[in-house]
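The next block holds one structure in the form of structure tokens; read it before the comments.
The values are calculated or read from the model by the stated rules, or taken from the named source; none is laboratory data. Just so it is clear, the model here is predicted, and its values are computed rather than measured. Neighbour counts run over all protein chains shown; Cβ positions are idealised from the backbone, glycine included. Protein only, heavy atoms only, side chains kept; ligands, DNA and RNA dropped before computing areas. Shrake-Rupley method; radii C 1.70, N 1.55, O 1.52, S 1.80 Å.
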Amino acid sequence: MRFLFYTHSLISDWNHGNAHFLRGIMRELLALGHDALALEPEESWSRDNLIADQGDHAVDAFHATFPMLNAQVYGPEFDHAAAVERADVVVVHEWTDPALVAQIGALRQAGGRFTLLFHDTHHRAVSREGEIAGLDLSGYDGILAFGEALRERYLKAGWGRQVYTWHEAADAALFHPMEAEEEGDLIWIGNWGDDERSAELSEFLMNPVHDLGLRATVRGVRYPDEALQRLRQANIAFGGWIANAEVPRAFARHRVTVHVPRGPYVRELPGIPTIRPFEALACGIPLVSAPWSDAEGLFRDGDFRWAKNGEEMRRHLHELVNDPAARAEQAARGLETIRARHTCAHRVQELLTILNERSDAERKTA
């Protein structure tokens, strides 16, 4: 089949985690013999910031790292009708311009022979509900929601059986254990992002690192001066942006990592951990998580450690940093679950199952 993905960006992962997932999905589709093309707009906030931050060589690095992936930039004159006509399946990401979302839906309604799916991977459906509710999805065949809580929002909007839960997952071709010379005790990879977890980062990251005297590094973007000052006060090194392809080696150089979810996910979308825990566990690094509700049972007890508060975080980090056997046991358990359930290969099979079920239903009603 020929898959077409409308993305905010495949080329850039600067503050754009969905690129991680779609790269892995496209890689797996190609491995199964399908065709896959990603389209992204000329005006991409993520790609523009990547180039401003790192220069054009960051774009070249993407193409060198993922030579198998086909990403095309479109402008105002691009022929979207011709693009979708060549596809069997079109997946439109929620950051796509609303007018284009409606235009692609109209092409499907006008007799397009492709299956059209809308892919929602953000908390805007609850935190800024009007933005998503205002999209014209009337021409779409279904919704891919990256968690059951988000799926329920679309069910309430009347989408019925056309909404499918499709969690993110780790690109196992990229995220796997590797050997590297150790550089520190703890690494946290994440973006600051609109003060959605500033208090939690103090309680579950900065304060425990400072109190335990750990050798720690933070990588990410959008850190204001006040946040950088807090990192310095906690004696945490700040490395800025890191290409997602470099993250597995960064994990390999440290003993432990943490997960500190953003507030909107914890409060409004339980069961959605975002992609970071999947990627960390896939690399075989022990993980300690701040509270969130695993409402869908994505993980087994013991795949990672829970810390209800800063004191529990300090206790877990102290043990894992200082006990090699505990680290190895913890890492092995989490890795086992990722390999069994949460890779992009698993998600591609889920997507193909969804498409097959839709085809069967359409044949029965024809």
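Note on the stretch 303-360: residues that are in contact with a strand residue (DSSP E or B) (Cβ under 7 Å, 6 or more places away or on another chain) and either of a type in the set (G, A, S) or free of Cβ contacts under 8 Å to residues at least 24 places away in the same chain (or both) total 3.
Kindly establish whether A82 is open to solvent by less than 30 Å² (accessible area, probe 1.4 Å) and either assigned to a helix (DSSP H, G or I) or without any contact (Cβ under 8 Å) to a residue 12 or more places away in the chain (or both). When the stated conditions are applied, A82 passes them. Taken over the stretch 1-28, the criterion of being over 22 Å from A82 (Cα atoms) and part of a helix (DSSP H, G or I) is satisfied by N18, A19, H20, F21, L22, R23, G24, I25, R27, E28. Against the list (1) touching a residue at least 12 places away in the same chain (Cβ under 8 Å); (2) basic (K, R); (3) at negative phi, the condition R232 fails is (1).
In this entry, L228 is excluded by the filter for residues that are aliphatic (A, V, I, L, M) and open to solvent by 50 Å² or more (accessible area, probe 1.4 Å).
The condition (being closer than 23 Å to F146 by Cβ and in contact (Cβ under 8 Å) with a residue 40 or more places away in the chain) is satisfied by just one residue among H93, H16: H93. With a requirement of 3 or more residues that are surrounded by 23 or more Cβ atoms within 10 Å (Cβ to Cβ), the helices (runs of 4 or more DSSP H) lying completely within the stretch 263-363 that satisfy it span 276-282, 310-322, 324-341.
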